[in-house]
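One structure is given here, and the rest of the page talks about it.
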Amino acid sequence: MIRIATIGTSGITASMLDALANVEGAVFVGTLSRDRERAAAFTSEHGGTTPFTSLDELAASDGVDAVYIGSPNALHHDQALACIAGGKHVLVEKPFCANRREAVEVFEAARETGVVALEAMRPLHDPAFHAIKEALPQIGAIRRATLRFGKYSSRHDEILAGRHTNIFDCAMASGSLMDIGVYCVEPLVELFGAPERVLASAALLDEDTRELTHGPIDGSGVILASYPGMTAVLAHSKTTNDLSDSQIEGELGTLTVHGISAPSAIRVELRSHAARQADSVGYSSALTVGRDIDLPRFENTMQHELADFVQSVEEIRIGGDCTQVPCGTFGNVAHFRDVTLASLDIMDEARRQTGVSFPADRETTAACES
């Protein structure tokens, strides 16, 4: 049995613990919060037995095998390193770290210690998402993809009212790209690999908010990713609602996806052979033959990443290599590490181009100059 503790008492942590009920081989021990009463209440509410009020206490606990880190983005690096130093496996909520340098340090520490370090990126472990990959050969040579996710954050109202929130704070390594856009970037890398180059644009929050946000921060943005023979557009937003589906366009047809972060509907539209007749201006007919792809249904798709994480930990217990052990059906730990690092490469460059900087970036620059 894998004994799991959590860091944080947010809604995402509560959802993870709800999903844990559907995962065999794991049990919830307790949560860490600086507020003793909150830690005790959250632990009790979710069936745990041992609340924690300090990171050192959690990292040193003999009653914990693994830790889910659901804290603000900027805290992931230091908390993961502390847990790894205590011999704990770590499942770190997306984005894995504030930048690629921090992520490399965590993955290297996990390798040296012999524990699993995995990013909690839901779609990469979701069978519904991988139905996209299975369907791609049907649409022929892929020429264009548009992956999009936009959801208005109520925390933007806090900023507009002149109140601070971690969700729009450079000091917390947050913003639209890190919190929302990552759900476009990582599926792109999983489906097509790393692009040759990226070009980014962002709509930053108004300048008069920067005392609250500790610098320029993105409310929404776009990334153009270039591949040989193909382009991809990634659109993300936390200040608007994006109501359009994602789509992948091939020479034989188009695949549409409703909900790239948790696909709930996928449809393939293939050009009809009977319709391939030129119209008066020389373009081929747009008539298509379509069908919906049957998808597995799960109440809480976080159970997939949890089950894959637990499998990897169990494989290590019986002697497996901490990077090469299987991590579910769709890859081993090293595969998901590589997707995380390639995705942070893209996001680091996108933030550089749009002028969004975090404290971890300055530490990276200082390390490079020394």
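The values are calculated or read from the model by the stated rules, or taken from the named source; none is laboratory data. For clarity, every value in this text was computed on a predicted model and none was experimentally measured. Here the Cβ positions follow ideal geometry from the backbone for every residue, glycine too, while neighbour counts run over all protein chains shown. Note: accessible area is taken over every heavy atom of the protein model, side chains too, but ligands, DNA and RNA are not part of it. Shrake-Rupley method; radii C 1.70, N 1.55, O 1.52, S 1.80 Å.
Rounded to the nearest 10 Å², what accessible area does Thr239 show when all protein chains are kept and the probe is 1.4 Å?
Using a 1.4 Å probe on the heavy atoms, I get roughly 30 Å².
Output ³J(HN,Hα) for the range 180-185: one whole-Hz value per residue in order, computed from phi by the Karplus curve 6.51 cos²θ - 1.76 cosθ + 1.60 with θ = phi - 60°, and x for Gly and Pro.
10, x, 4, 6, 9, 5
Ranked by accessible surface with a 1.4 Å probe, highest first, in what order do Thr340, Thr256 come?
Largest to smallest exposure gives the sequence Thr256, Thr340.
How much accessible surface area, in Å² rounded to 10, belongs to the heavy atoms of Thr231 with a 1.4 Å probe?
Looks like 60 Å² after rounding.
In a shell of Cβ-Cβ distance under 12 Å around Arg143, excluding Arg143 itself, what net charge do Lys and Arg (+1) and Asp and Glu (-1) give?
Result for the neighbourhood of Arg143: -1.
Label points 7 Å out from Cα along the Cβ direction at Asn300 and Ser226: separation in nm?
4.5
Compute a Gaussian network model of the chain, connecting alpha carbons closer than 10 Å, and tell me which residue from Phe149, Phe52, Phe298 fluctuates the most.
Phe298
Within a Cβ distance under 12 Å of His76, other residues only, what is the Lys/Arg minus Asp/Glu net charge?
Summing Lys and Arg as +1 and Asp and Glu as -1 gives -4.
In whole Å, what is the distance between the alpha-carbon centres of the range 289-356 and the range 224-276?
Measuring centre to centre over Cα atoms gives 21 Å.
Which whole-Hz couplings ³J(HN,Hα) result when phi for each residue of the range 226-233 is put into the Karplus expression 6.51 cos²θ - 1.76 cosθ + 1.60, θ = phi - 60°, listed in order with x for Gly and Pro?
With coefficients 6.51, -1.76 and 1.60, one gets 10, 10, x, x, 8, 10, 9, 10 Hz.
Show the residues, 5+ positions off or on another chain, whose built amide H is closer than 5 Å to the amide H of Ile217.
Here the answer is Leu205, since their amide H atoms fall under 5 Å of that of Ile217.
In whole angstrom, how far apart do the alpha carbon centroids of the range 112-130 and the range 29-52 sit?
Their Cα centres are 25 Å away from one another.
Under 5 Å between amide H atoms, partner at least 5 residues away or on a different chain: which partners does Thr288 have, H built in plane at 1.01 Å?
Residues meeting the criterion, in which the H sits 1.01 Å from N, are Ser272.
Under a Cβ-Cβ cut-off of 15 Å, what is the net charge of the residues other than Asp62 that fall near it, where Lys and Arg count +1 and Asp and Glu count -1?
Summing Lys and Arg as +1 and Asp and Glu as -1 gives -1.
Could you check which residue among Leu118, Leu91, Leu191 shows the biggest mean-square fluctuation in a GNM of the chain with a 10 Å Cα cutoff?
Comparing Leu118, Leu91, Leu191 in a Gaussian network model of the chain, the most mobile one is Leu191.
Roughly how many Å² of Phe336 are accessible to a 1.4 Å probe, to the nearest 10?
10
Suppose only helical runs count, i.e. DSSP H with n ≥ 4. What mean residue ellipticity at 222 nm does that imply for the chain under -39500 (n - 2.57) per run, divided by all residues and rounded to the nearest 500 deg cm²/dmol? Please list the in-between numbers first.
Details: 13 runs with 133 residues, N = 370.
Computed ellipticity for the chain at 222 nm equals -10500 deg cm²/dmol.
Please list Glu315, Glu249 in order of solvent-accessible area, largest first, computed with a 1.4 Å probe with all protein chains present. Please report the intermediate quantities before stating the final value.
Details: Glu315 60, Glu249 35 Å².
Largest accessible area first, the residues go Glu315, Glu249.
Using the Karplus curve 6.51 cos²θ - 1.76 cosθ + 1.60 with θ = phi - 60°, work out ³J(HN,Hα) for each residue of the range 52-67 in order, rounded to whole Hz, and write x for Gly and Pro.
Computed from phi, the couplings for the range 52-67 are 10, 10, 9, 5, 4, 4, 5, 4, 8, 5, 6, x, 10, 9, 8, 10 Hz.
Just to be sure I understand, if you calculate Cα extents along the principal axes in Å for this structure, which of (i) 74, 52, 42; (ii) 52, 48, 44; (iii) 70, 56, 32 do you get?
(i)
Assigning unit charges at the beta carbon (Lys, Arg +1; Asp, Glu -1) and nothing else, what dipole magnitude in debye, to the nearest 20, does the chain show about its Cα centre?
Details: 30 positive and 51 negative charges, 151 e Å.
So the dipole magnitude of the chain works out to roughly 720 debye.
Pairs to check: Lys88/Lys238; Lys94/Lys238; Lys94/Lys133. Give those whose C-alpha atoms are more than 27 Å from each other in this structure. Intermediate values should be presented prior to the final figure.
Values: Lys88/Lys238 33 Å; Lys94/Lys238 16 Å; Lys94/Lys133 22 Å.
Lys88/Lys238, as the Cα separations exceed 27 Å there.
Could you put Lys88, Lys133 in order of accessible surface area, largest first, with the 1.4 Å probe and the full protein assembly present?
Largest to smallest exposure gives the sequence Lys133, Lys88.
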